[in-house]
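One structure is given below, encoded as C-alpha cells.
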Amino acid sequence: MWFPLSALLLFMFLIARFYEMFSKRRTFFRLYLLPIVLFGVSSVRYASADVLLGDPFADIASGLGGICLLGLSIRLYWLMIVKNQQR
C-alpha cells in the first residue's frame with residue numbers, strides 16, 4: 001500500500017514544484033518528501049512487527065505524516081485556488 005501512496009505524494013511534490021517555479025510563490029515543495037519518509041517508516045515498522053495497528057512508533061509516524069500532508073495540501077490549495085480568485 002505504501003508504493004501507490006508514495007507515487008501519489010510524488011505527483012503532488014511535482015505539482016507543487018511546478019507551481020513554485022512558474023508562479024514565484026513559495027510552496028515548500030521539498031517538505032512533501034517528509035510524509036513519504038514518515039509513511040515509509042511506518043510501513044516498514046508495521047511489516048517488521050507483523051501487525052496492522054498497535055505499534056506506537058509506527059502509529060505516531062503515520063499520524064505525523066498525515067498531519068504534515070494535510071497542512072501542505074491545504075497550503076497548496078490556498079495558493080493555487082483561493083489566492084488566484086482574490087485577484
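Bear in mind these aren't lab numbers, they're just calculated from the coordinates by the rules spelled out. If you're wondering where the values come from, they're calculated on a predicted model, not measured in any experiment. A quick note on method: Cβ atoms are made from the backbone with ideal geometry, for glycine too, and the neighbour counts reach across all protein chains shown.
Hey, with R₀ at 35 Å, roughly what FRET efficiency would VAL82 and LEU53 work out to, going by the Cβ-Cβ distance, to 0.05?
Numbers: r = 36 Å, r/R0 = 1.02.
The computed FRET efficiency comes out at 0.50.
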Determine the calculated [θ] at 222 nm for the chain from helices alone, applying -39500 (n - 2.57) to every DSSP H run no shorter than 4 residues and normalising by the residue count; nearest 500 deg cm²/dmol.
-> -24000 deg cm²/dmol
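Taking N as the number of residues in the chain, what is its Cα Rg relative to 2.2 N^0.38 Å?
1.26
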Taking the Cα centre of region 2-85 as origin, sum charge times position over the Cβ atoms of Lys and Arg (+1) and Asp and Glu (-1), and report the length of that vector in debye to the nearest 20.
-> 640
Over region 2-85, what is the mean sequence separation of C-alpha contacts under 8 Å (at least six apart), divided by residue count, expressed as relative contact order in percent?
-> 28
